[in-house]
Amino acid sequence: MAKANISLDAELVVEVMVLAGVGSPQDAVEAVVRDYIARGHRTEARVQRQDETRRGADTAPPLPLPEG
C-alpha cells in the first residue's frame, strides 16, 4: 500500500489520540480516516435502501376499486 506524508496541527492529533484511545499519531489519523470512510459507506447503503423502497412503492399494483 502506498503511503502519504502530511503535516497536521499537533493539537488536533493529540485530541484525536485521546478521543480514540490510541497511542500514536499514525494510529489516530488512520482511525479518523477509516471512520470517515465507514460513515460514507453506511450513508450510501441507507440512501440506496430508501431509493429501492420508493421504487418498490411506485411499481406496486393498483388497489382494486370498490364496487357499487
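Looking at Val33, Leu19, Ser7, which one has the Cα that reaches farthest to the positive end of the dipole of the chain (charges on Cβ: Lys, Arg +1; Asp, Glu -1)?
Val33
Ile6 to Glu30: extension gain in nm, 0.36 nm per residue of separation minus the Cα-Cα distance?
Contour length minus Cα-Cα distance gives 7.4 nm.
Mind checking the angle between helix 25-58 and the chain's longest principal axis? C-alpha axes, 0 to 90 degrees, to the nearest 10.
Computed tilt is about 10 degrees.
Specify the angular offset, from 0 to 90 degrees and rounded to the nearest 10, of the alpha carbon long axis of helix 10-20 from the longest principal axis of the alpha carbons in the chain.
60
What's the Kirkwood radius of the chain in Å, using all Cα pairs?
Computed over the chain, the radius equals 16.1 Å.
Taken together, the values in this text are just the output of simple stated rules run on the coordinates, not laboratory data. Quantities reported herein were computed from a predicted structural model and do not represent experimental measurements. Virtual Cβ from ideal backbone geometry, glycine too; neighbours counted across all protein chains shown.
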